[in-house]
Structure formats: C-alpha cells, structure tokens
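Below is one structure, written out as structure tokens; comments come after it.
The values are calculated or read from the model by the stated rules, or taken from the named source; none is laboratory data. Not measured: the values here are computed from a predicted model. Cβ atoms come from the backbone with ideal geometry, glycine included; neighbour counts cover every protein chain shown.
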Amino acid sequence: MNVIRVTGTYGFRDSSPEATMADMLRYDDGEMISFETFPIEGIRATKKFVAEVHANDFTPQRWSSFGLRAQLLRKEPGKAECTFPDMDSVQKFIHKS
C-alpha cells in the first residue's frame, strides 16, 4: 500500500476537489484518510488543501495532470480499503463536521 500526501488549491470559480479526488481514488484504488483545508493569506476566495491517501496503485503523473501534487510518503504492508466508490462519498468525507 502506498501512503500519499496530495496537495492542491481551489477557489470559488474552480470546481471543488471532490470530483478529481473521486476519480483518482478509483483510478489508483485508494481511500482518503484525512482532508484539511487552509485559507491562503491575502487571497480570500482560494483555499489550499492537504489530503492523506492510502492507495494500492500510484500514478503521480495522472495526479499532476489534474493540477494536484501527489507525493509518495512511504510504502506499507497491506491493502487500502477503497471505501470511496463515487464523488458523493468523497464529498461527505471532505465536508464532515
């Protein structure tokens, strides 16, 4: 299993990262473990996000093609659970309170 840190930005004019994350989680057979957003100082309508993903495959070039930076942190034994089958499940995880 690959432990990956994914970072990116999105703003009010961009689509939120849910659709892209859902596509990549399906493609790399992965699950999101954490997702945090942070304001970017001086830019009110844009946020930075950082996610930890566990994935059975890892295609950094594909993440990059979506404007996301994916960094392999380490490899661990075992398999990712892949509990994010669609955009709705990703959206619920990202916006949970």
When you look at Met1, is it surrounded by 14 or more Cβ atoms within 10 Å (Cβ to Cβ), modelled with pLDDT of 75 or more and either of a type in the set (Ser, Thr, Tyr) or closer than 14 Å to Val90 by Cβ (or both), yes or no?
-> no
What number of residues within the range 45-68 satisfy the criterion of being closer than 18 Å to Val90 by Cα and outside any loop (DSSP other than H, G, I, E, B)?
-> 10
Answer with yes or no whether Ser64 is modelled with pLDDT of 90 or more, loosely packed, with under 11 Cβ neighbours inside 10 Å and under 13 Å from the mean Cα position of the chain (by Cα).
-> no
Across the range 20-43, what is the number of residues that are in a helix (DSSP H, G or I) and either modelled with pLDDT under 75 or aromatic (Phe, Trp, Tyr) (or both)?
-> 1
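In the range 20-44, what residues are under 14 Å from Ser89 (Cα atoms) and not small (Gly, Ala, Ser)?
Passing the criteria: Thr20, Met21, Asp23, Met24, Leu25, Arg26, Glu31, Met32, Ile33, Phe35.
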Filter pass, Thr46 being more than 22 Å from Met1 (Cα to Cα), at pLDDT 80 or above and polar (S, T, N, Q) | no
Subset of the range 72-97 [part of a strand (DSSP E or B) and either among the aliphatic types (A, V, I, L, M) or surrounded by 12 or more Cβ atoms within 10 Å (Cβ to Cβ) (or both)] = Leu72, Leu73
Just for the range 75-95: of the residues that are closer than 13 Å to Ile33 by Cβ and among the charged types (D, E, K, R), which one is farthest from the chain's Cα centre (by Cα)?
-> Glu76
Could you tell me whether any residue of the range 40-48 is exposed (fewer than 15 other Cβ atoms within 10 Å of the Cβ), in contact (Cβ under 8 Å) with a residue 12 or more places away in the chain, within 13 Å of Pro17 (Cα to Cα) and of a type in the set (Ser, Thr, Tyr)?
-> yes
